[in-house]
Amino acid sequence: MLRTTLATISILAALALPAQAADDGIAAPTLRASVTVTSDVVRVGDLIDNAGSAALIPVYRSPDLGTTGALPVAQVLAVLRAKQVIGVMTGDIKEVSVTRLARTFANKDLELAVASALERRFGLGDAANITVTFDRGVSELRLDASNTGALQPVATRYDARSGRFDLSFEIANDNNPAPTKLRFTGTAIETVEVAVLTRDIERAELLKASDLALERRPKAEVIGEPASRDRTVGMQLRRPMRAGTPIRVADIVKPDFVQRDQNITIIYQVPGLYLTTRGKAIESGAEGDTVSVLNLQSKRTLTGVVTGRGQVTVQGASQSAPMAPAVEQTSSLQRETPAAAALAQSLIQTPASPAQIAQAQIPQVQVSRAPAKSE
């Protein structure tokens, strides 16, 4: 008891009479306006400069990890007096701000730690494609600032069927030889980025940018290669699909240039000959597709290749000779005799033989060799 009394008297003597202490060369105890602590208690030495032997006396509980609290100076001095600490210089300080340092892990930092621990294991792919959901809503995790080590996985359990995980981590602690232990449970599912329809789409509609949104979906839901947004815009669906459906590469095709029952232009083209007539499409097709069409004049069904919007080209039997430009050949046909035009029309109605093609070209030669008229 006597020793305790003597120690208290010594503290009072050290902190009292600051002016006299300054004259003797001893710095006066001075209150700090801003305090930063790392432990769970605030001590006299945290609040006061030149606290001397009273520095280790605890006076307050620290604020929560990563938070700041403010104390009026009058309240601080009252607590210090209760601890037998007097004679503190306050200057013009009105309140003391106390901040407790912490190491903070954001939610996405923890998600990445779990995904990295599972990466390329248990049948999963890259960590960037693993979506993690914790059983408890974890917005962020705050630890004492002394936990300076890396977040190291030490035990990993995963169920590939349900996607459930149970992971344990350890972090080295500067103030404790034993590491800090953490445990997380939840679900982890591999996902893919895919274009998803924002509205119901019919087969004949062209897909626009506003019809698509990029989303991450479980890989198991997208069987086949997922379609990117850039690859999907301007294409058509193979079948009608509803809003919210993910689009695969197998679901899209080039847009139809010819629609079923559409009035079209039939082009008959062989080397040296270019004819057009009216027709109707029997089936739909994209550019390059082979479709059946009806010649409206002859009422015959022909097979041709879609070469443009509302345009189907029927090729002749001979393709050995190079084709001249279509516009020039159309112009030459316009100068042909009625007999040649009739023969040309018959070429569309029935398959052409090389002899018929040659015969159809004879009037062009005759026209080009006709003598000029005298004035």
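The values are calculated or read from the model by the stated rules, or taken from the named source; none is laboratory data. Since this is a predicted model, take the numbers as computed values, not measurements. Every residue, glycine among them, receives a Cβ derived from its backbone with ideal geometry; neighbour counts consider all protein chains shown.
If the requirement is being touching a Leu at 6+ places or on another chain (Cβ under 7 Å), on the phi < 0 side of the Ramachandran plot and either of a type in the set (Phe, Trp, Tyr) or surrounded by 14 or more Cβ atoms within 10 Å (Cβ to Cβ) (or both), which of these qualifies: Val132, Val138?
Val138
Tell me the residue from Ala155, Ala188 that is part of a strand (DSSP E or B) and either in contact with a His (Cβ under 6 Å, 6 or more places away or on another chain) or surrounded by 15 or more Cβ atoms within 10 Å (Cβ to Cβ) (or both), please.
Ala188
For (1) assigned to a strand (DSSP E or B); (2) closer than 25 Å to Thr180 by Cα; (3) aromatic (Phe, Trp, Tyr), each residue gets a yes or a no:
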{"position": "Asp92", "(1), (2), (3)": "no, no, no"}
{"position": "Thr104", "(1), (2), (3)": "yes, yes, no"}
{"position": "Val114", "(1), (2), (3)": "no, yes, no"}
{"position": "Leu124", "(1), (2), (3)": "no, no, no"}
{"position": "Thr131", "(1), (2), (3)": "yes, no, no"}
{"position": "Arg136", "(1), (2), (3)": "no, yes, no"}
{"position": "Ser146", "(1), (2), (3)": "no, yes, no"}
{"position": "Ala150", "(1), (2), (3)": "no, yes, no"}
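Those residues that are among the β-branched types (Val, Ile, Thr) and crowded, with 16+ Cβ neighbours inside 10 Å, I need them from the stretch 58-73; list them, please.
Once the filter is applied, which keeps residues that are among the β-branched types (Val, Ile, Thr) and crowded, with 16+ Cβ neighbours inside 10 Å, the stretch 58-73 yields Val59, Val73.
Among Gln236, Gln262, Gln311, Gln315, which is the only one that is of a type outside the set (A, V, I, L, M), over 36 Å from the mean Cα position of the chain (by Cα) and at pLDDT below 90?
Exactly one residue qualifies, and that residue is Gln315.
Matching residues to (1) without any contact (Cβ under 8 Å) to a residue 40 or more places away in the chain; (2) in the same structural domain as Ser62 (by TED's automatic domain parsing); (3) over 25 Å from Gly66 (Cα atoms):
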site: Ala128; (1), (2), (3): yes, no, yes
site: Leu141; (1), (2), (3): no, no, no
site: Gly149; (1), (2), (3): yes, no, no
site: Arg183; (1), (2), (3): yes, no, no
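Looking only at the stretch 239-259, count every residue that is modelled with pLDDT under 90 and surrounded by fewer than 16 Cβ atoms within 10 Å (Cβ to Cβ) and tell me the total.
4
Quick one: count up the residues across the stretch 37-68 that are touching a Ser or Thr at 6+ places or on another chain (Cβ under 8 Å), part of a loop (DSSP other than H, G, I, E, B) and under 20 Å from Thr90 (Cα atoms).
Final tally of qualifying residues: 1.
Before we move on, is Val76 surrounded by 15 or more Cβ atoms within 10 Å (Cβ to Cβ), of a type in the set (Val, Ile, Thr) and in a strand (DSSP E or B)?
no
State all residues of the stretch 247-274 that are part of a strand (DSSP E or B) and either within 14 Å of Val306 (Cβ to Cβ) or out of contact with any Ser or Thr (no Cβ under 8 Å at 6 or more places or on another chain) (or both); if no residue qualifies, say none.
Result: Arg248, Val253, Asp256, Phe257, Val258, Asn263, Ile264, Thr265, Ile266, Ile267, Gln269, Leu273.
If Lys299 satisfies all but one of (1) in contact (Cβ under 8 Å) with a residue 12 or more places away in the chain; (2) out of contact with any Leu (no Cβ under 7 Å at 6 or more places or on another chain); (3) over 20 Å from Glu205 (Cβ atoms), what's the number of the condition it fails?
Among (1) in contact (Cβ under 8 Å) with a residue 12 or more places away in the chain; (2) out of contact with any Leu (no Cβ under 7 Å at 6 or more places or on another chain); (3) over 20 Å from Glu205 (Cβ atoms), Lys299 violates only (1).
Taking the stretch 293-309 on its own, how many of its residues are part of a strand (DSSP E or B) and under 15 Å from Thr265 (Cβ atoms)?
9
Given the conditions (1) within 17 Å of the chain's Cα centre (by Cα); (2) modelled with pLDDT under 90; (3) not polar (S, T, N, Q), which single one is not true for Ala204?
(1)
In the list Leu112, Leu56, Leu65, Leu31, which residue meets the criterion of being modelled with pLDDT of 90 or more and within 30 Å of Thr191 (Cβ to Cβ)?
Leu112
Any chance the stretch 164-175 includes a residue that's aliphatic (A, V, I, L, M) and under 26 Å from the mean Cα position of the chain (by Cα)?
no
Looking at Thr290, Thr265 in this structure, which one is free of Cβ contacts under 8 Å to residues at least 40 places away in the same chain and either surrounded by 15 or more Cβ atoms within 10 Å (Cβ to Cβ) or among the hydroxyl-bearing types (Ser, Thr, Tyr) (or both)?
Just a single option satisfies the conditions, and that option is Thr290.
Looking at Gly87, is it assigned to a strand (DSSP E or B) and not assigned by TED's automatic domain parsing to the domain that holds Glu170?
no
Condition first: in a loop (DSSP other than H, G, I, E, B), modelled with pLDDT of 90 or more and surrounded by 13 or more Cβ atoms within 10 Å (Cβ to Cβ). Can you find one or more residues in the stretch 213-226 that meet it?
Looking for residues that are in a loop (DSSP other than H, G, I, E, B), modelled with pLDDT of 90 or more and surrounded by 13 or more Cβ atoms within 10 Å (Cβ to Cβ), one finds none in the stretch 213-226, hence no.
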